[in-house]
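Rule-based calculations on the coordinates, nothing more; no lab input. Not measured: the values here are computed from a predicted model. Every residue, glycine among them, receives a Cβ derived from its backbone with ideal geometry; neighbour counts consider all protein chains shown.
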Amino acid sequence: MAWTRKPQKQVGKYYFNGTFYLTAGVKQALSEEEIKAIYNDVQAFVKGKDGIDYLQVFTNEKGDKLFFIDQLDKTMIESGEYPSDFNHCTLMFAHEY
């Protein structure tokens, strides 16, 4: 994979299991295979840690940076206070944030 996940700075209980969104910039610049590899990497990381930080950062050898951001953590989802459509995660370039 051309993209490498950086070590997370915080711990968390985010599971990246809601609706998966991509920004237009990511759709245009990354292949479907790259997007799937990033998503699958985060899912495996979540499974291994039983929850991770809401922000996962990926970089490539050219210095580009991606943010993969989850909206709701486990407590928020289980509280029932948030509509189900709030449970989503977004893959974007850092400059799109």
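In the set (1) touching a strand residue (DSSP E or B) at 6+ places or on another chain (Cβ under 7 Å); (2) touching a residue at least 60 places away in the same chain (Cβ under 8 Å), the condition left unmet by GLU96 is number (1). Filtering the stretch 50-97 to residues that are under 18 Å from ALA37 (Cα atoms) and polar (S, T, N, Q) leaves GLN56, THR59, ASN60, THR90.
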